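Here is the structure we will look at.
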Amino acid sequence: MHINDLPVPDVYDLPDARGRFGEYGGIYVAETLMAALDELKQEYARAKADKAFMDEYRYELKHYVGRPSPIYHAKRWSEMLGGAQVYLKREDLNHTGAHKINNTIGQALLARRMGKKRVIAETGAGQHGVASATVAARYGMECVVYMGAEDVQRQAANVYRMKLMGATVVPVTSGSRTLKDALNEAMRDWVTNVDHTFYILGTAAGPHPYPMLVRDFQAVIGEESKVQMVEMAGRQPDVVVACVGGGSNAIGMFYPYIQVPGVRMIGVEAGGDGVETGRHAAPLSAGRPGVLHGNRTYLMQDAHGQIIETHSISAGLDYPGVGPEHSYLKDMGRVEYTAANDDEALAAFHELCRTEGIIPALESSHALAYAKRLAPTLPRDQIILVNLSGRGDKDIPTVAKLSGIEL
Amino acid sequence: MARIQTVFSRLKSQQKQALIPYITAGDPHPAATVGLMHALVAGGADIVELGVPFSDPMADGPVIQKASERALAHGVSLTSVLDMVRDFRRRDAETPVVLMGYANPVEAMGYEVFAKAASEAGVDGVLTVDLPPEEAAALSDILKAHGLDPIFLLAPTTPDWRVAEVAKHAAGYVYYVSLKGVTGAATLDIDSVASKLAHLRGQLSLPIGVGFGIRDAASAQAVARIADSVIIGSRLVQEVEEHGADAAVRLTAFLREVRSAMDAARQ
C-alpha cells in the first residue's frame, strides 16, 4: 500500500459504550457474568479518572517493571538485511521478560481497588501466567493460573516460575488442551467465584471492557516509542511491525500510532506450516468473523461454526481468535495483517541471536521474520520499528529440540 | 397457539409445573438422540431441551463439556441437530423442543437461514447462552418472525433494569440460573431462589423455569413448589455418559420419579 493511501482516521474514539469496534467486540457472555463485567467497566472508568490510581500504575511501571523499555537500533542485522534500518522496542527487557506485565500490573491494581483478594488468569506460553503470578506475589493476592495441559508440558520452566511465586497452576484437559481451553476454564472459575475473584485476562480480547482495558494498559509501548523514535532518529518510523496472537503487544504498539499519518502498521500472525496448508493460527489472514470468548471477531472455524485447532511453533500465538480492535483495523485498512510461518520465525530467531546477541521470544520472532522479508525491499533511509515483545529464554528447549539437541 | 405456550397454559389449569429435561444432541451417538428424546417424553417431560454441541462451551461444567466433545467427535453440527428434531417430530407432534447452545454455530449458518430451518424442523424455542439481551435483538426478532420463542437466562446477579430488557425480547419462558457457576455445579439454596423468584414475578409475566443444581426428586420437588418449571440437565447427561444409548430406560425411570415428586409438591 502506498503511504498516501493509508486511511488515517481524523477521529478515533473506540470502543463505543457497548464495547463495539464497528461490528466487532461487544459482550457475548452468559447472563451469569454480566453483572461482574458491568462492575469492572464502572470501576475502570473511575480508576482511569483517578490521578492517584494512574500515578501508582506509572510508578510501578518505572520502578518495578523497569520502564521505559529502550529502543535499540539493530545495526548489524539491518546491514545484513541490506535495506531499511530495523529498530527494536525492547519489551523483552521488562521484568518477567515480556510486555505482559504492563497489563497485569494495571489489572492487579484494579483488583486491589475492588477489594478482590484472589486473581485468576489463563496462559498459553506461560508469559501472562508468570506476569500474573508475579503481580499476585507483589500485592499479596492468591493466584490461580489455568494452562492447557499440552502447554504445561511445552513450557515447564514457566510453570515452575509461577509455582515459585506462590501461584497454583491448573492444567486444563478439555478441548484442544491449549490457550483457548485455558480461557474457557478461567471464565468458568470466574463465574463460580465472582464475589471475591478478579479475572486478569491476558490479551486484548474477551468481552468488553477487557479489549479496551488491556489495550489501554499496553498502550505505554506505543506512547514511549513515539517519544523515543524522535529522540533516536529524529522522526517516526515508516513501518511498525508486531506479532499478533490475541494481539495485546500489537495493539499496545499500534494504538498510539493510529492517527499518526505516514506510519504503516503491519500485524504478523502465526502461519504455522503455511497459511495455505490450513495448519496455522492466522484468523485475520484466513478466518472469518464469528463469536467466541465474549466478543465478535475474526476466528478460525469450520463451516459449521465450530472452532478449529490451531498450529504454531509458538504457544503464545496458538489462539483461534484475535482481539476485536484488530478485526476493525483490518477491515478499515489502517493496519495490514500478514503471516509468518514457523520456519521463517525460526530463521529470524537465529539471525537475531547471531547478529545482535538478543534471544527473542518465538512469538516476537514472527514480527522479526516479516521485518526480514520487508527490509531488503526498502531503501536504507527507511525505518522499520519492530516490537520485540518478549525474550526467548523460555523457548530455548523448543528451539534446541528442533535442532536435534537434547538439553 | 405456540406449543410452549400451550404446554404452560394446560399445566397451569392443572396446577402443575413443567418438567424440562436437557440432553446434548449427538451424545453418545447421533443415531441415539431421537430415541433418548422420546424416552424423556415417556418419563413425563413437558418440553425437551436439546443441547447443540459447541467446541468451546464456556458456561458449561465438565459433564456437558464432555458430552459436547463426544457429539462433535461424531461430526454433529447444527444442521444435523435440526435433522434430529425433524425425525423426532415424526412420532411426536406435541412436545415442544428448545435448542440450547452458543452463538457461533448460529452465526455461521446465518440468523435467517437458521430460523427458517429450525421452524420447519419443528423447533419451538432457542436459548443462545452467550447472547445476553444487549446482543440478542437481531436474532430474537428473526426468531419471532418465524414463530420461534427466544428463551433467555436470568441470574441471581441480574439487576432489575436488565430483567426489563430480557422481558422485552423473551417469549415462551425464562430460565433462572439458580446459582453462581457453570452447569452441573454444587447444590442450590432453595430459600434464596424462592425470594428472587417472588421478586422476578413482579417484573415478568412469562413462566419461570429454574435450572442448575437440580439432581434428584427431592430437589425437583422443592423447586416445583416455587417455580413454573424444573429444568434438569447435567444429571441426565451423566446418565447418558455412563450408560450410552442404553440410558433411555434409565432416563424414563428417573424422570417418572421426578415427575411424581413434582406432582406431589402441592400436597
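The values are calculated or read from the model by the stated rules, or taken from the named source; none is laboratory data. Note that the structure is a prediction, hence the values are computed from the model and not measured. Methodologically, a virtual Cβ is constructed for each residue, glycine included, from the backbone with ideal geometry; neighbour enumeration extends over all protein chains shown. Calculation scope for accessible area: heavy atoms of the full protein, side chains included, ligands and nucleic acids excluded. Shrake-Rupley method; radii C 1.70, N 1.55, O 1.52, S 1.80 Å.
Residue under question is A:THR355, and the condition is that it be over 19 Å from the mean Cα position of the chain (by Cα), away from chain B (no Cβ under 14 Å) and modelled with pLDDT of 95 or more; does it hold? In short, yes. Looking across the range A:331-362 at every residue that is of a type in the set (D, E, K, R) and assigned to a helix (DSSP H, G or I), the one that is most open to solvent (accessible area, probe 1.4 Å) is identified as A:ARG354.
Scanning for something outside any loop (DSSP other than H, G, I, E, B), of a type outside the set (S, T, N, Q) and under 29 Å from A:HIS63 (Cα atoms), does the range A:183-203 turn up at least one residue? Yes, that holds for at least one residue.
The set of residues from the range B:144-163 being farther than 20 Å from B:PRO207 by Cα and part of a loop (DSSP other than H, G, I, E, B) comprises just one member, B:HIS146. Kindly check whether there is at least one residue in the range B:259-266 that is within 17 Å of the chain's Cα centre (by Cα), at pLDDT 95 or above, surrounded by 24 or more Cβ atoms within 10 Å (Cβ to Cβ) and under 19 Å from B:ARG10 (Cβ atoms). For the range B:259-266, residues within 17 Å of the chain's Cα centre (by Cα), at pLDDT 95 or above, surrounded by 24 or more Cβ atoms within 10 Å (Cβ to Cβ) and under 19 Å from B:ARG10 (Cβ atoms): absent. In this structure, B:PRO53 does not satisfy being within 28 Å of A:ALA35 (Cα to Cα) and either more than 14 Å from chain A (Cβ to nearest Cβ) or open to solvent by 10 Å² or more (accessible area, probe 1.4 Å) (or both). Being under 19 Å from the mean Cα position of the chain (by Cα), open to solvent by less than 60 Å² (accessible area, probe 1.4 Å), on the phi < 0 side of the Ramachandran plot and aromatic (Phe, Trp, Tyr) is a description that does not apply to A:TYR139.
Across the range A:144-192, what is the total count of residues that are under 25 Å from A:ASP38 (Cβ atoms) and surrounded by fewer than 17 Cβ atoms within 10 Å (Cβ to Cβ)? Residues meeting the conditions: 0. Among all positions in the range A:205-215, there is no residue which is in contact (Cβ under 8 Å) with a residue 24 or more places away in the chain, surrounded by fewer than 20 Cβ atoms within 10 Å (Cβ to Cβ) and of a type in the set (Gly, Ala, Ser).
All of A:TYR319, A:TYR337 fail the test of being touching a strand residue (DSSP E or B) at 6+ places or on another chain (Cβ under 7 Å) and over 19 Å from A:GLY222 (Cβ atoms), apart from A:TYR319.
On the given criteria, is A:ASP395 part of a helix (DSSP H, G or I), of a type in the set (Asp, Glu) and open to solvent by 70 Å² or more (accessible area, probe 1.4 Å)? Judged against the criteria, A:ASP395 is not a match. Contact map, the range A:10-22: residues that are open to solvent by 70 Å² or more (accessible area, probe 1.4 Å) paired with residues that are not in a loop (DSSP other than H, G, I, E, B), Cβ distance under 7 Å, separation 6+ or inter-chain. Pairs shown: A:ARG18/A:GLY26; A:ARG18/B:GLU134.
Report, by residue number, each residue of the range A:23-51 that is acidic (Asp, Glu) and open to solvent by less than 40 Å² (accessible area, probe 1.4 Å). Answer for the range A:23-51, where residues must be acidic (Asp, Glu) and open to solvent by less than 40 Å² (accessible area, probe 1.4 Å): A:GLU31, A:GLU43. At least 1 residues being under 16 Å from the mean Cα position of the chain (by Cα) and among the polar types (S, T, N, Q) is the threshold, and among the helices (runs of 4 or more DSSP H) wholly inside the range B:1-89 those reaching it are B:3-13, B:33-42, B:62-73. Among the candidates B:ILE20, B:ILE47, the residue that is open to solvent by less than 10 Å² (accessible area, probe 1.4 Å), closer than 25 Å to B:TYR111 by Cα and either more than 14 Å from chain A (Cβ to nearest Cβ) or among the hydrophobic types (A, V, I, L, M, F, W, C) (or both) is uniquely B:ILE47.
Counting the residues of the range B:144-163 that are of a type in the set (Gly, Ala, Ser) and within 11 Å of chain A (Cβ to nearest Cβ) gives 1. Taking into account only those residues within the range B:63-85 that are open to solvent by 20 Å² or more (accessible area, probe 1.4 Å) and more than 10 Å from every other protein chain (Cβ to nearest Cβ), which is nearest to B:TYR22 (Cα to Cα)? In this case the residue turns out to be B:VAL63. Contact map, the range A:143-157: first residue under 13 Å from A:ASP318 (Cβ atoms), second residue open to solvent by 60 Å² or more (accessible area, probe 1.4 Å), Cβ cut-off under 7 Å, separation 6 or more or different chains; pairs are A:MET147/A:PRO171; A:GLY148/A:ARG177; A:GLU150/A:ARG177. The C-beta contact set for the range A:64-85 (first residue over 18 Å from A:VAL239 (Cβ atoms) and free of Cβ contacts under 8 Å to residues at least 60 places away in the same chain, second residue outside any strand (DSSP E or B) and open to solvent by 60 Å² or more (accessible area, probe 1.4 Å), distance under 8 angstrom, 6+ apart or interchain) comprises A:VAL65/A:HIS95; A:GLY66/A:LEU93; A:GLY66/A:HIS95.
Which residues, taken from the range A:27-44, are within 7 Å of chain B (Cβ to nearest Cβ) and assigned to a helix (DSSP H, G or I)? A:GLU31, A:THR32, A:MET34, A:ALA35, listed by residue number. The residues on offer are A:GLU43, A:GLU56, A:GLU60, A:GLU23, and the sole one that is out of contact with any strand residue (DSSP E or B) (no Cβ under 6 Å at 6 or more places or on another chain), under 23 Å from A:MET162 (Cβ atoms) and of a type in the set (Asp, Glu) is A:GLU60.
Do you know which residues across the range B:115-143 are in a helix (DSSP H, G or I), facing chain A (nearest Cβ under 10 Å) and open to solvent by less than 10 Å² (accessible area, probe 1.4 Å)? Within the range B:115-143, B:PRO133, B:ALA136 qualify.
Just one of the numbered conditions (1) closer than 23 Å to A:GLY115 by Cβ; (2) without any contact (Cβ under 8 Å) to a residue 24 or more places away in the chain; (3) under 23 Å from the mean Cα position of the chain (by Cα) is not true of A:LYS41: (2). Picking from residues in the range B:78-122 that are in contact (Cβ under 8 Å) with a residue 40 or more places away in the chain and charged (D, E, K, R), the one that is nearest to A:GLY305 (Cα to Cα) is B:ASP87.
Checking the conditions here, which among A:ALA340, A:ALA315 is among the small types (Gly, Ala, Ser) and touching a His at 6+ places or on another chain (Cβ under 7 Å)? Answer to the check: A:ALA340. Within the range B:138-183, the set of residues being among the polar types (S, T, N, Q) and more than 27 Å from B:ILE214 (Cα to Cα) comprises just one member, B:SER140.
Restricting attention to the range B:86-114, which residues are within 14 Å of another protein chain (Cβ to nearest Cβ) and under 20 Å from B:VAL7 (Cβ atoms)? Selection gives B:LEU99, B:MET100.
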